[in-house]
Structures are given as structure tokens and as C-alpha cells.
1. Using modelled amide H (1.01 Å from N, peptide plane; none on Pro or chain starts), what sits under 5 Å from the amide H of C:L197, excluding residues fewer than 5 places away?
2. Determine the shielding of peptide B:334-347 by partner chains: average, over its residues, the number of Cβ atoms on other chains within 10 angstrom of each Cβ.
3. On the protein heavy atoms, probe 1.4 angstrom, tell me the percent of accessible surface of chain A carried by carbon and sulfur.
4. Under the 0.36 nm per residue contour assumption, what length would be gained going from the current alpha-carbon distance of C:Y49 and C:E145 to full extension?
5. Solvent-accessible area per residue for region C:7-207 at a 1.4 Å probe radius, Å²?
6. Are there trypsin sites (Lys or Arg not before Pro) in region B:184-282 that DSSP marks as loop and that have at most 16 other Cβ atoms within 10 Å, and which are they?
7. What quantity of accessible surface, computed with a 1.4 Å probe and excluding non-protein components, is buried in total between chains C and A, in Å² to the nearest 100?
8. Quick one: dipole size for chain B, taken about the Cα centre, charges +1 on Lys/Arg Cβ and -1 on Asp/Glu Cβ, in debye to the nearest 20.
Amino acid sequence: MEELINELKKEIIEVLNLEGMTPEDIDENAPLFGEGLGLDSIDALELIVLMEKNYGIKLANAAEGREIFKSVRVMAEYVKEHRTK
Amino acid sequence: MKVLYNIGDCIFSPMGSTTSENVQALSEGHSALAYYDGAFNLPEPFFASLFEKNHIEHTFANRAKEAFRYTRFEKIAILAAAGAIQNADIDASRKEVLFILSTTKGNIELLENQDGFEKERLFLWRSAQLIAQYFGNPNEPLVVSNACISGCAAQIAAARALTNPQYKYAVVIGADVLSKFVISGFQSFKALSPELCHPFDADRTGLNLGEGAAAIVYTHFDNHPKVNANTLCLLRGAICNDANHISGPSRTAEGLFAAIEKTMQNFDKESIAFINAHGTATRYNDDMESIAIQRAQLSACPVNSLKGYYGHALGAAGVIEVILSAQALLQNRIWKTRGTQNTGTASPIRVPLHEEKTLKTAFLKIISGFGGGNAALLLAQKGGIR
Amino acid sequence: MKNIQPKILSYSRLTNQQLILNGETLLSNKELSPNDWLSNIYKYIKMDYPKFFKMDRLSKAGILASEIAMNHLAQNSSEVKDNWAICCFNHAASLDDDLAYQKTIEPDNFYPSPSVFVYTLANIVTGEIAIKYKIKGETSFYVSEQFSPTLYIESVQNIFNDSPDIDYIMGGWVEYLENHCDVLMMIVARECDGSSLDLNEENLKKLI
């Protein structure tokens, strides 16, 4: 699990161009949206692409994403459960 | 702003090849929107308004004798412009005519398949030059690329260009074709509706895209033989930015409200027959427009959207919709908003679900788009201007 | 119509080789890649705007050039500017980012990227500049084969004539395509005292 969390953090930093951030800077239990990383709606859509591209998980809409992108830990749990690659 | 007179126009769309064909189809309640599965090799199906296969090629081959090869995009722009120029009865090869092209993506489909065209055709200015040259026009055309508001921005650009004494006429063309590029992008935004769109509906589910072209010949000479009491005039227009987000509309409708205020300044609200809105049927756009309309104290005014017939035709939308709204005014009609059953927006607005009658002689066109741009245009019949 | 003689309050030039403010070279580039060069300028001018790293290269170039021209004016950049407009021209529209997006929709690797797609419109750079400086007036983007001083001056004068509430216009030429960067960003005032450059053809030819 911890390995997956770290992997996700690296991928998030890369696809969302979070310049100057390292995996250690992201608290896996903190909310991804709202406060903190300053992510917006386009970032949420990009995370949907990440889920499909890297883990074969298809999310129909942004609303579904909102639940899953609560925190990196929630994301990792979802990936572990549903990944097809 | 200088007052402009529309002395000829033409819509070349999947609904019809002339303005009157489009008005006819609209009157009969037709929609060009249809379900496509596998089109453009896209993995997901979508609803859109597309030209039938080979329709553009056939129509173009029948009208144009030239051997020169034009792209799909250039052909529809030429066909619309040719119709408008013919109606206006002007000689477009003269130096007093300026071509203004409104488009968002031009020939972008060539990125996937160049189809024997030179790389230069990816540049919007190159397409515009070829379109103007088709008519033998010697001037460097102006290309307006302001995302979804381009069609309205191009009409404002025409009013400005005609302050230059060199020009007597501006041919404003709005055109865009759909492609794998454009549709996949909107799909990645999760912005496309899985069904026919319902603008301003409480249960709206997103937008449908469309392709098409439209052209208007404008002049600023009120003594032009084509100008009469029924002529539609572009009185004013304004563009304002939300300065909020590049893809999301402002929650307070900041930019659109400001654009409406600037455009309506000192103009009697009572003489507005209707507001033709952008009405894309996305949650945020339609809410934003309703807020702007309320803030501008225009909530009593009927608000319609033509997206249920044409989809969102990108750079052509502002031109197509101004022509059709002008036609409605001429016939004392207010088009209904097709596809909508229960209106439900952030601020209450009055959306005609059935065609209505009007005796008023002016309308307001509003439009908003990516990049935070918002535009408003005020148009009226010449005979009705006090 | 009033005959207006707009003045250039400050201007910046950005190419892959040089960064210039009001005629004075601030930085030169010999070996940095185009992307590193843009990041290097960001650091050099001590910009603190994390959104910069999410932008396509056209917007990055436009934002950097605007920031440099704006800094010079010592304007309060976080103040709402409803008396400012933006007017830009370029050659390739958003083709640089279009090419990047096309790579995300190849048949054997089809993962359309929303964050790349959002920049596939030429005018997004004007939107980014509007957001950064809270510019709420008109934003206009035009595409032409090359920079035409005549057309630019006309466009600026038309905005001033049409919109009495606009006092300043940020803009110029913002081009980025496949490692070719060419930006002239000017802040033009409707009227101003002092020794500012006139916005005329002769001066524009010198600047570009």
C-alpha cells in the first residue's frame, strides 16, 4: 500500500506539473482538492485520465472522481481494488 | 461603434445550404443533431450536428469550377461567403471589401491526415488568404480567433475595420468543422451530453458540438440601395473578460454582465424582443448566463438558445445565431429553445419552450467562451431604431 | 472620432536567445533548451505563480513577457483593472500546443489530455494574462501571417475609440511554435505625459 501511495504521488506531481514538489510534500491523508495543492477542475479531469492510462480504471464523470480523489490514500485504496493493469 | 447594416447573409450548415433553407428547417422544428458511433474513429459515441458524407464536396463541385484543392473547412467558408456576397450583390474582388474570418481550429484535422495538403494549411491566416483569393480579393484578410466568442468578436472587428476609409464592405465569415481532435478534447472535458442537449433545463446534461459556416456582408453606408426599414443593423457590441478561469465561467457572471451593460447603455430594455443566449446546456454556462441576465435586470425578456438545432458550432456559432435571430425578428417570431422541458437555472429566466410572437424590433446576442471571454451584441431593424 | 496618439509605457521582447526590457538586454541564452530557458526566466524575475508550470509554452512566454513589462511600471498587479484591455496577434495560433495534444490522441495511445487540450485555443494566452493581472476589459486575439505595425496601431486605436473606459492595453505579438519563440509585449496608454515612446509604425518596426 505504501508503495502504491508513493507511486501515485509521483504520478500526480508529474501529470499535474506540480513544480518543485516532492512526494514527501504531499500528505496522503489530506484532501487533494480545496486547500493544499491548489488543484482545479482541469486537474481533476487529468487525474481521471491518469486512472485510466496507468491503472485501466474508467471513471464516467467528474462527480465520481470527487469521491475517489478525496486524498491520495483513498485513491490508492480505490486503485488497489479496481485496477485492471 | 459605427452602425453596420447587414446587406446579405448565408448559412451553410447541416440544416441547409442557404439562410432561407435554414430558417425553413428551424420553423419545422428539425434538428441536425444525431447520434454517431465510431465516427472519426473515436472510441466513444457522441451526439453532434455533422454534414452528411460528401455533401460539402458535392455542393462545392457544383458551384465552383476551380481546379485548386480546398479543404473541407475552406469549402464551407467559401460556400457561405459566396451565398452572402451574392445576396448583397457586391463585387468581392474590389479593394473596398475586407474579409474577416472567425474560426477556432481551421484545418486542424490535417494534423491527423495531411491528405496531400501542404503544412502551411494548418495556419489560419493561410486558409483566410485562400478564401479571400477565391473571390479575387486583394486585401490581407483579418482572422479572429477568440474561442467560442469568435463569431461575435468578428462582427465587432468588422465595425472597427469599416472606420478605415479604404473599406466599404466587410464579409464576416464564421466557420469550423468537427474532427477527432475537437470532439476527443470536449470528451476529455466530460462536457459532452450523452443525449440531445437541453439548454437551460434543470436536468441539462452537457453540450453537443456542431459544424457549419455562415457569412454576413456588412456595410456602414445607410444610403446603400440594399438598406431599407427591414435591414438588420449591428448597433453596438462589447467584449469583457472574467479574469477568473480559462475554462470555467465566472460564478458571478462578471464578464458577461459587464459586456451586456456596456452594450445596453441607454438603450431601452423594453424594445428588446429576446436575448439569443449561448445556451450550450452545460451546467455552468447556462447558470452563468442566467445570473448575468438577472444582474442586467433583463429577466423579463425571453431567452432562447439554438444549440438544440445546431449544436455548438464554435467559431461559426456567433454568426449563425445572429443571422437566425435577425430572421426571427423580421418574421415577428421568437424561436423556441429546442430540447428543453423544465427550465432551471441559478437565476430564474424566461425560456420560451414554444415559438412566440413579437412586435419588438431589437435583440441582444450574448456569448461566452474559453479564455474567459464574453461578448454582447445589440442588433435592431433599421425601421425600429428611435 | 478623436485622434489618439497612444504611448508605449514599457515593452519586453522575448526570443529563445534574449530577454529584453525597454531596449535593455536582461538575459541571454546560449545553451538552455527552450523549456529550460522559460523556467530560467521565471526564476530570474523571481515570479511566484505555480500555475505557470501548468501552462503551454505560448502562455508561458506571454505571461513572462507581460510580467516583465508590468513590473517595470510598478503597477499593483493584484488590483482589479477594469480599465485595461488585451490585444494580441500571432502567426501560428495555438499550433505548438495543438501538436502536443495530437500526440495524446494517437490511435495506439489514445488518452486525450484535458490539461493539454485546454490550451489548444490561441486566445488562452490572453485569458491567462487577464487572470494574472485581473484585467477585465476586452481581450482580443487575431492571427496574421506576420506582425503588421499598421494593423496593430489600428487595433489599439479602435479599442480606445470604442471603449472610453479603457486607458491601457497590454499586448503585441505572441508567437511560439516548435522551439521558435518571438514575443513583443507592450503596455500602451491612451494618454500620458512625459517621454514615453509614441505608438507609431517607425517605433514598432524598431521594436520587432
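The values are calculated or read from the model by the stated rules, or taken from the named source; none is laboratory data. As the structure is a prediction and not an experimental result, all values here were calculated from the model. All Cβ positions, glycine included, derive from the backbone under ideal geometry; neighbour counts span all protein chains shown. To get the accessible areas, we keep the full protein, side chains included, count just its heavy atoms, and leave off ligands, DNA and RNA. Shrake-Rupley method; radii C 1.70, N 1.55, O 1.52, S 1.80 Å.
1. Amide H to amide H, under 5 Å and 5 or more residues apart or across chains, C:L197 pairs with C:I8.
2. Mean number of neighbouring Cβ atoms from other chains: 0.
3. Carbon with sulfur: 47 percent of the solvent-accessible area.
4. Value of the extension gain: 31.4 nm.
5. I get 37 Å² per residue for this part.
6. Passing sites in region B:184-282 are B:K226, B:R251.
7. 1000
8. For this selection, approximately 780 debye.
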